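Quick one: the structure is below, and I'll ask about it shortly.
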Amino acid sequence: MCGLCGEMRFDGRRPDLAAVERMTDRMAARGPDDEGTWSRGPVALGHRRLKIIDLSERGAQPMTDAEQGVTGVFNGCVYNYRQLREELTGLGHRFASTSDTEVVLKAYQQWGTDCVQHFHGMFAFAVFEHRTGRLVLARDRLGIKPLYLAETPGRLRFASSLPALLAAGDVDTGLDPVALHQYFSWHATVAAPRTVLRGVRKLPPATVRVVEPDGSHRDHRYWQPSYTRRPEHEGMGPDEWRDAVLEALRTAVRRRMVADVPVGVLLSGGLDSSLIVALLADEGQRDLATFSVGFESEGGAEGDEFHYSDLVAKEFATDHHQLTVPSERVSAALDSAVAAMSEPMISHDVVAFHLLSEQVSKEVKVVQSGQGADEVFAGYHWYPDIAAAPRHRAADQYAETYFDRSHADLAKILQPAMLAPDDVSARFVQEHMAAPGAETTLDAALRLDTHVMLVDDPVKRVDNMTMDWGLEARVPFLDHELVELAAACPPELKLADGGKGVLKEAGRKMLPREVVDRPKGYFPVPAITHMAGPVLKRVQEALHAPEARGRGLYRDGYVDELLSAPDDHRTRRGANALWQAALLEIWLQTHGI
């Protein structure tokens, strides 16, 4: 829901309203229903609105509470806003709208920065205190909603997308060697607070930043579940865990139906999205709109999983929409998907999500998605190998299993000026794995994946691709109470049955066996998986462009080597090395860098 932006000055000058308007305009797709700007003293705020809750003008932003002297902009949804509104009313607050944005402002007035502890939802917001001149920025626990920052002497700008900051101008677009190291090591993931650009940072998830009028700031991380076994769960057996997980997921799905518009489901036919559909049907939802996408087979690879999504749609009598995308449409859609990326992403399903979102947005404004279940419940095939490693070798095993390439391999790819001086990616993982609060090797790996890797790959991917069509995606598997429960769940229950064991047991109570016991599927996009045709031509154009040659990112001969055999060069994790190298260059050129 929506896009926010703003500028705060620390040098006594007025904010650049034209720059704020350019940022606001650049986010039009995130909020096609309304726009607004506001300025006072050293701060200017901008907003694009997607109307989901309180469709009237009373919910417009930026929103000011003149009585309390605060103005704010908000992106996301607080699912328990009705309960909080009732609580705040009992505490003496008066409301002029039925929006969750106003609940955020009143909650801030009541509890200060601790207001975030009261929110169930996905959100990023900025609140400016008129009296003190203080600006407060915050992001939800799992980083579902983004918040990018660009700070220069005397000024801070922030926005829901990185391209919005570029539209404002005056951004250092030099490449960050540490971020590049992460990009090429972690399947294109760059962990907060970094981005591939030196001049742009991200507010980390579960973080509140208080910015003072002089430009100083302090950050507070307000949430981090413990990945240990808890006393309150002592004595729980597999059946009790199954029932607890199912009930927590039921609550998470129910919460995400809060809206003043219809809510649909992105149905892949896998366990995760199918469970969402089953729980909604069990809650009494009728004629639920579900959506699946498939692609033409190519190179012997199947391009859809319609058999399973059709099975679920029939079982629960949904209003099902099936979309088949021809291969030529995929290549044509590549550039628009890249333009929607706040950061470069190499997963093949980015284009699929973008095409699916375009079609879904014609039918509904809100959907639920099964994103996040594999990280939260240990669904990927590499987790058993990581779990088998002794605790003191957790970081080494994670690197062997997860990393695309070693630091030595990366040194053969990047020019020396673009290479971080040491293995910064491995050190990052070592520090996270060694931090207290994770009982076993698997606990440490799941903590890293859920709170770092998931945030800046799958979660970001879904937000960017859906919001580019004014479609809000909600992810019940990232309900923070469900994540807390899963973090405490014994590792053997998650690893059972080939991964996601406890979730599969929950699924067997709700779904046809064929859906639960099927082989794990991925979002297949054969036209991109196999470097050929128009996609290969686009890759060649980008890597041979004058901008690429002038950038001097790769060592001499590396690009020619990749292009000589487009499908033959794979990273240790199986990624197409040509696609990884080219996508970064396509992204940079698309965004004028």
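The values are calculated or read from the model by the stated rules, or taken from the named source; none is laboratory data. These numbers come from a predicted model, not from an experiment. All Cβ positions, even for glycine, are placed from backbone atoms using ideal geometry, and neighbour counts span all protein chains on display. Note: accessible area is taken over every heavy atom of the protein model, side chains too, but ligands, DNA and RNA are not part of it. Shrake-Rupley method; radii C 1.70, N 1.55, O 1.52, S 1.80 Å.
What do you get for trypsin sites (Lys or Arg not before Pro) in region 324-414 restricted to DSSP loop and a cutoff of at most 16 other Cβ within 10 Å of the site's Cβ?
Sites meeting the loop and neighbour criteria: Lys362, Lys412.
Further, regarding this structure: Based on the Kirkwood radius over alpha-carbon pairs, what value in µm²/s does the Stokes-Einstein equation return for the translational diffusion coefficient of region 370-491 at 20 °C and 1.002 mPa s?
135 µm²/s
Write down the accessible area per residue of the chain in Å², having rolled a 1.4 Å probe over the full set of protein chains.
36 Å²
Can you send over the carbon and sulfur percentage of the accessible area for region 372-462, probe radius 1.4 Å, protein chains only?
Here carbon and sulfur together make up 56 percent of the probe-accessible area.
Could I get the Rg over Rh figure for the chain? Both from C-alpha atoms, Rh via Kirkwood, rounded to two places.
0.95
Once you list every other residue whose beta carbon is under 11 Å from the beta carbon of Pro512, what net charge do they have if Lys and Arg are +1 and Asp and Glu are -1?
Net charge in that neighbourhood comes out at +1.
Right, next: On average, how much area does the Cα convex hull of region 310-355 cover when viewed from any direction, in nm²?
Averaged projected area of region 310-355's Cα convex hull equals 4.3 nm².
Sticking with this one: Report the calculated FRET efficiency for Lys314 and Lys520 (r = Cβ-Cβ distance, R0 = 22 Å), to the nearest 0.05.
Here the calculated transfer efficiency is 0.50.
Based on Cβ point charges of +1 for Lys and Arg and -1 for Asp and Glu, what charge dipole magnitude is obtained for the chain about its Cα centre, in debye rounded to the nearest 20?
Value, rounded to 20: 1200 debye.
Quick one: net charge around Arg286, please, counting Lys, Arg +1 and Asp, Glu -1 for every other residue with C-beta under 15 Å from its C-beta.
Taking every other residue near Arg286 into account, the sum is -4.
Going by amide H atoms built from the backbone, whose H comes under 5 Å of the H on Glu472, apart from near neighbours?
When sequence neighbours closer than 5 places are left aside, the close amide H contacts are Val366, Val367.
May I pose another question? Percent antiparallel among DSSP beta bridges with both residues in the chain, to the nearest 5?
Bridges in the chain are about 75 percent antiparallel.
Considering all projection directions equally, how large on average is the shadow of the alpha-carbon convex hull of region 445-593, in square nanometres?
Its average projected convex-hull area is 12.3 nm².
Principal axes first, then extents: for the Cα atoms of region 250-343, list largest minus smallest coordinate on each axis, whole Å, largest first.
So the three principal-axis extents are 41, 32, 19 Å.
Continuing with the same structure: How big is the C-alpha Rg of region 168-258 next to the rule-of-thumb value 2.2 N^0.38 Å, as a ratio?
Ratio of Rg to 2.2 N^0.38 Å for region 168-258: 1.67.
Return an integer: the convex hull volume of the alpha-carbon atoms of region 1-63, in Å³ per residue.
Convex hull volume per residue, Cα atoms: 68 Å³.
Still on this structure, I have one more. Among the GluC sites (Glu not before Pro) within region 232-302, which fall in a DSSP loop and have no more than 10 other Cβ atoms within 10 Å of their own Cβ?
Glu234
Largest first and in whole Å, what are the equivalent-ellipsoid semi-axes of region 298-419 based on the Cα gyration tensor, each being the root of 5 times an eigenvalue?
Rounded to whole Å, the semi-axes are 34, 23, 14.
Treat region 330-369 as a sphere of radius equal to its Kirkwood radius over Cα pairs and apply Stokes-Einstein at 25 °C in a medium of 0.890 mPa s; give the translational diffusion coefficient in µm²/s, rounded to a whole number.
Estimated via Stokes-Einstein, D reaches 226 µm²/s.
Checking the cross-link filter: which lysines have an alpha carbon closer than 24 Å to that of Lys500, excluding same-chain neighbours under 8 positions apart?
Those lysines meeting the cut-off are Lys460, Lys509, Lys520.
Still on this structure: What is the Å³ per residue value for the convex hull set by the Cα atoms of region 205-261?
Residue-normalised Cα hull volume stands at 148 Å³.
D for region 215-293, whole µm²/s, Stokes-Einstein with Kirkwood Rh over alpha-carbon pairs at 25 °C and 0.890 mPa s: what number?
Roughly 155 µm²/s, to the nearest whole number.
Over the Cα atoms of region 129-282, Rg to Rh with Kirkwood Rh, two decimal places?
Result for region 129-282 is an Rg/Rh of 1.07.
While we're here: Need one number: nm distance between label points at Asp260 and Leu17, each 7 Å from Cα along Cα→Cβ, rounded to one decimal.
Between Asp260 and Leu17, the label points sit 2.8 nm apart.
Of all GluC sites (Glu not before Pro) in region 57-92, which ones are in loop regions per DSSP and have a Cβ with at most 10 other Cβ atoms within 10 Å?
Glu67
Which value does Rg/Rh take for region 1-138 over its C-alpha atoms, Rh per Kirkwood?
0.95
In whole Å, what is the distance between the alpha-carbon centres of region 529-584 and region 237-257?
Rounded to whole Å, the Cα centres lie 44 Å apart.
Can you give the calculated 222 nm mean residue ellipticity of the chain, where each DSSP H run of n ≥ 4 adds -39,500 (n - 2.57) and the sum is split over every residue, rounded to the nearest 500 deg cm²/dmol?
One gets -11000 deg cm²/dmol as the mean residue ellipticity at 222 nm.
Note down the magnitude of the dipole of region 346-408 about its Cα centre, charges +1 on Lys and Arg C-beta and -1 on Asp and Glu C-beta and zero elsewhere, to the nearest 20 debye.
About 140 debye.
Go ahead and collect, in residue order, the members of region 528-557 whose backbone nitrogen is under 17 Å from a label point 7 Å along the Cα-Cβ direction of Gln359.
Counting backbone N atoms under 17 Å from the label point, the list is 528.
Modelling each spin label as a point 7 Å along the Cα-to-Cβ direction, I'd like the Ala417/Ala565 distance in nm, to one decimal.
3.2 nm
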